[in-house]
Each structure stands twice: as structure tokens, then as C-alpha cells.
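In what follows, a single structure is set out as C-alpha cells and then discussed.
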Amino acid sequence: MVNYKKFLAISLGISIIVFTAGLLLGISLDETKVNDLLVNINQNELNTESYLVEKEFLTTFGGDKCSLSGPRVDALSEEIGSIGISLASYESTNVINTNEFNYLKKRYSLLEIKAYSLFTSLKRECNYNYTTIIFFYDINQDASLRQGKVLDALVNLNQNAHIFSFDRQFEEPTLETLKIHYNVTISPTLVINNKIKNEGLINLEDLMQLTNE
């Protein structure tokens, strides 16, 4: 004869074990993802500092900083792009808790602002043919999502185009300074080559025309 109380106790015990194991696995995966992103962010910060030290050395003691700077800044941009893709995927699936995600997003935003400053400086000092675009977006806004796809298409057509994407509603003091400087009040907003501001969704053809002005 089946002992139902014993059966229920065993079933409950198994359920608790499975739930706990799943919870611990989820926490472990979260920590792994956070640690991987932190490693990549720290490495990019170190590479950026290395570039700035090299640039300062060449400025002080002489040397062709323009021929050396381009490849290094391009590499930094690729690293930041990879970090951004990882962050975006985690943001859409909510696999990292909010506090940790906001911390990573803040550090990533600062990396992007620094990279944008480096690219702008290179364009001015070395006449590099970069197209720089700041993209202010709102999360889950249809127009922002569509604008992001247009920018992806632009990058596929123009290898010299570099996009710096910022969540307009994310609270970070340096990002606030950026928004005030360019008077950003709506999304999507694009700032093209530090001189042209486009508010609202723009198609690929019109965007390409603006990048050539």
C-alpha cells in the first residue's frame, strides 16, 4: 500500500532540490556573464590608456602619431562594439540583475564617450576620413529600433562609419553633459560628424547624403 504522506514528502523534497539547483545555476550564469563583460571592459580601458600614453610620448618626443593612431583607435572601436552587442543581448533578455547591468552600462557609456572624443580628435589632427555618428535612442521605441537597423546598414556600406549609441534616458552625469551639448530632447536623434543633428527617423538614402556633406 502506498504511503501518500511519504510520497508527497519525497516529491516536495525533489522539487525543492530542483528549484534550488536551477536558482544557483542562474546565479552562476549571471556571475559568469558579468565577469566576462568586466574583463572585456577592463581590457578596453587598459588598451585606451596604452594608446593615450603612446600618443603623449609621440607628441612630446616626436614621431608620426597619425600613422600609428588610426589602427589602434579602430581596434578600440571594434572592442567597444563587441561589448555593446553583449550588453544589448543581456538587456533584451534580462539575464543580469538591474544593479549590475546599470553598473556595466555606465562603464560602457563612458568608454563610448571617450572613444568618440578620440575619433573626433583624430579627424581634426590627422584628417582621417571617419564618419562619426552619435545615436541617441529610447529602449523599446519603434522609431529607435528602426533607426538602429538603418545605422547597421550604413556601417555595412561604409567601413569608415563609427556609431556611438546612447540610451537617452539612462542617468549618467557625463551622458547628461553630452545631451546638453547637442541639445538632445527626443529619440531617435543623430549627431553626424559633430556638426549635423537629425531629429526623428531618417532613411538610409538620406542618411548617406548627410554623411557626405
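The values are calculated or read from the model by the stated rules, or taken from the named source; none is laboratory data. For clarity, every value in this text was computed on a predicted model and none was experimentally measured. Heads up, the Cβs are rebuilt from the backbone with ideal geometry, glycines too, and the neighbour counts pull from every protein chain shown.
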Out of the residues in the range 123-167 that are of a type in the set (Asp, Glu) and over 21 Å from TYR108 (Cα atoms), which is surrounded by the most Cβ atoms within 10 Å (Cβ to Cβ)?
GLU125
All conditions in (1) more than 26 Å from THR98 (Cα to Cα); (2) out of contact with any strand residue (DSSP E or B) (no Cβ under 6 Å at 6 or more places or on another chain) are true of LEU190 except (2)
Filtering the range 131-143 for residues that are of a type outside the set (S, T, N, Q) and either touching a residue at least 60 places away in the same chain (Cβ under 8 Å) or touching a Gly at 6+ places or on another chain (Cβ under 9 Å) (or both) leaves a count of 4
Within the range 129-137, is there a residue that is farther than 26 Å from ASN183 by Cβ and touching a Lys or Arg at 6+ places or on another chain (Cβ under 9 Å)?
yes
For the range 179-196, which residues satisfy the criterion of being at negative phi and modelled with pLDDT under 95?
LYS195, ILE196
Under 9 Å by Cβ, and 6 or more places apart or on different chains, what pairs join a residue from the range 75-102 that is under 21 Å from LEU175 (Cα atoms) and not assigned by TED's automatic domain parsing to the domain that holds ASP167 with one that is at pLDDT 80 or above and part of a loop (DSSP other than H, G, I, E, B)?
GLU91/ILE139; ASN102/PHE170; ASN102/GLU171
Residue under evaluation LYS149, criteria (1) within 18 Å of GLU199 (Cα to Cα); (2) not in a helix (DSSP H, G or I), criterion not met
(2)
